[in-house]
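Written out below as structure tokens is the structure these notes cover.
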Amino acid sequence: MASEADPGEISAESGTVPEHVAIIMDGNGRWAEARGMPRHAGHRAGVASVRSAIEECILHGVKVLTLFAFSSENWRRPRSEVSLLMELFLSALQREVKRMQSNDIQLRVIGDISAFPDKLQKRIRASENATRDNQRLILQIAANYGGRWDITQAARKLAAAARNGDLDPDDIDEQVFAQATTLRDLPDPDLFIRTGGELRISNFLLWHCAYTELYFTPVLWPDFAADEFRAALAEFAQRQRRFGRTGAQVGQDN
Ligand code: IPE
Ligand code: IPE
Ligand code: MG
């Protein structure tokens, strides 16, 4: 839960800034409904929070930001809402690529995009290609993403390599497996944030969140402004990450 920590304490130099932040951007629909507006108004309002999260990552030195935009389960929503979300995604890509270029942001889309309309798939590939050499921030958008899907596609890839004789099954360890997931070479998330009050992972980065610090806030995504992001960073800075060791052992290392 949100802490009272002073966001002013955060600095990249102190070594307490997460390298990778992953966010479930939840609560758009409820934000709109509370205002007597249609759900899509909440999705539109959420775009401003996406911009703010990106700006905060750049400001504080976060290297990778992964945003859950559309889950493999979100196809179960009414068709009109699914189409609106696709349109929003397409128009955001069209609009934001220039801004990503000028801010040195590399875009990666993770998820099974083969299920998307052709036009959207082409736009995704073009945006990824246009920004592939950018270094300041890697922005990953999880679209038609599911943690179980990611693990399954990795297993399928490795099985195919083994069948072709390119891989000895005995050589499959956690590192090899991780490389076959959609995050490939990227570090696991250090900080997971879920807005909107639900206390669940909803099939997000299941493999990669094994040791991620979890942060849940009731704030709805369109209200998740810079100060909310900083509160999450401040809370993260106070966590002691032990990775199986004792608190005393970790204390000695510091
Ligand atoms: C998250 O907000 C956005 C997507 C899942 C695309 P929701 O649309 O789930 O908002 P709530 O949870 O219904 O308020
Ligand atoms: C998770 O939100 C997916 C995204 C934010 C894209 P949902 O609102 O779909 O999650 P559940 O179904 O309530 O767990
Ligand atoms: Mg939701």
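Say we look at segment 167-216 and pick out the residues that are without any contact (Cβ under 8 Å) to a residue 40 or more places away in the chain and within 16 Å of ligand 3 (Cβ to nearest atom); which of these is surrounded by the most Cβ atoms within 10 Å (Cβ to Cβ)?
In this case the residue turns out to be R200.
Quick check on segment 96-122: of everything there that is in a helix (DSSP H, G or I) and under 18 Å from V82 (Cα atoms), which residue is nearest to the chain's Cα centre (by Cα)?
I113
Report yes if N164 is loosely packed, with under 11 Cβ neighbours inside 10 Å and either farther than 23 Å from F70 by Cα or in contact with a strand residue (DSSP E or B) (Cβ under 9 Å, 6 or more places away or on another chain) (or both), otherwise no.
Considered against the rule, which asks whether it is loosely packed, with under 11 Cβ neighbours inside 10 Å and either farther than 23 Å from F70 by Cα or in contact with a strand residue (DSSP E or B) (Cβ under 9 Å, 6 or more places away or on another chain) (or both), N164 comes out as yes.
Picking from R136, R125, which residue would you name as being in contact with a helix residue (DSSP H, G or I) (Cβ under 9 Å, 6 or more places away or on another chain), open to solvent by 50 Å² or more (accessible area, probe 1.4 Å) and over 27 Å from A232 (Cβ atoms)?
The match here is R125.
From A32, A53, A48, grab the single residue that is farther than 29 Å from R148 by Cβ, hydrophobic (A, V, I, L, M, F, W, C), more than 11 Å from ligand 1 (Cβ to nearest atom) and part of a helix (DSSP H, G or I).
Answer to the check: A48.
Which condition number in (1) on the phi > 0 side of the Ramachandran plot; (2) of a type outside the set (A, V, I, L, M); (3) away from ligand 1 (no atom under 16 Å from the Cβ) is the one that G111 fails?
Result: G111 passes all but (3).
Here is a yes/no grid of residues against (1) more than 16 Å from ligand 3 (Cβ to nearest atom); (2) without any contact (Cβ under 8 Å) to a residue 60 or more places away in the chain; (3) not aliphatic (A, V, I, L, M):
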position: V17; (1), (2), (3): yes, no, no
position: G29; (1), (2), (3): no, yes, yes
position: G36; (1), (2), (3): yes, yes, yes
position: G42; (1), (2), (3): no, no, yes
position: A45; (1), (2), (3): no, no, no
position: E55; (1), (2), (3): yes, no, yes
position: I58; (1), (2), (3): yes, no, no
position: G61; (1), (2), (3): yes, yes, yes
position: F68; (1), (2), (3): no, no, yes
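The values are calculated or read from the model by the stated rules, or taken from the named source; none is laboratory data. Computed from a prediction, not measured in an experiment: that's the story for all the values here. Note that each Cβ is placed from the backbone with ideal geometry, even for glycine, and that neighbours are counted across all protein chains shown. SASA here: full protein model, heavy atoms, side chains in, ligands and nucleic acids out. Shrake-Rupley method; radii C 1.70, N 1.55, O 1.52, S 1.80 Å.
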